[in-house]
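Quick notes on the structure that follows.
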Amino acid sequence: MRAQSVPRIVPRNTAPQHGAPAFPPKRRRSALCACAPGRARRRKVVKSAIEEYHKKKAVNHLSENLQYMLKRRLVADKAITEQVLAQIRGRKSKDQPPKKVAKKKPQGTVFTEEDFRKFEREYFGRP
């Protein structure tokens, strides 16, 4: 096994020269291009397709949710339940029961046969 050489950090002479800035301008790091000769290529990290599939695979939480809901079971009072249901039913017009229409009694005439005969005599002049 070869010993790898570790680059040494050498302090620069930071004393400013006449007319020069104290520190040299920083060079921007650009993405290394594969087309530039002599430069190292950045390679994509190859990921396992199986690992990616398992990461994105949908997880079924049904059993956990059922356990949670069964633990938290709470039964409300019957009166409160009925009140809530009545309020919910009252909001939608389709849920309201049809209104009962009172049957109208056939109206009889106020006048009798004698009144009609009397009217005929007065109006038409018949005896």
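The values are calculated or read from the model by the stated rules, or taken from the named source; none is laboratory data. This structure is a prediction, so every number in the text was calculated from the model and none was measured. Note: ideal-geometry Cβ built from the backbone for every residue, glycine included; neighbour counts use all protein chains shown.
Conditions tested, residue by residue: (1) modelled with pLDDT under 80; (2) surrounded by 10 or more Cβ atoms within 10 Å (Cβ to Cβ); (3) within 28 Å of the chain's Cα centre (by Cα).
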| site | (1), (2), (3) |
| --- | --- |
| Ala86 | no, no, yes |
| Lys94 | yes, no, yes |
| Val110 | no, no, no |
| Phe116 | no, yes, no |
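Within segment 47-104, count every residue that is part of a loop (DSSP other than H, G, I, E, B) and of a type outside the set (A, V, I, L, M, F, W, C). Steps first, please.
Pass one, segment 47-104, residues part of a loop (DSSP other than H, G, I, E, B): 47-48, 57-61, 72-77, 92, 96-104.
Subset that is of a type outside the set (A, V, I, L, M, F, W, C): 47-48, 57, 60-61, 72-73, 77, 92, 96-100, 103-104.
Count: 16.
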Q) In this structure, does Thr81 turn out to be surrounded by 10 or more Cβ atoms within 10 Å (Cβ to Cβ) and either in contact (Cβ under 8 Å) with a residue 60 or more places away in the chain or among the hydroxyl-bearing types (Ser, Thr, Tyr) (or both)? A) yes
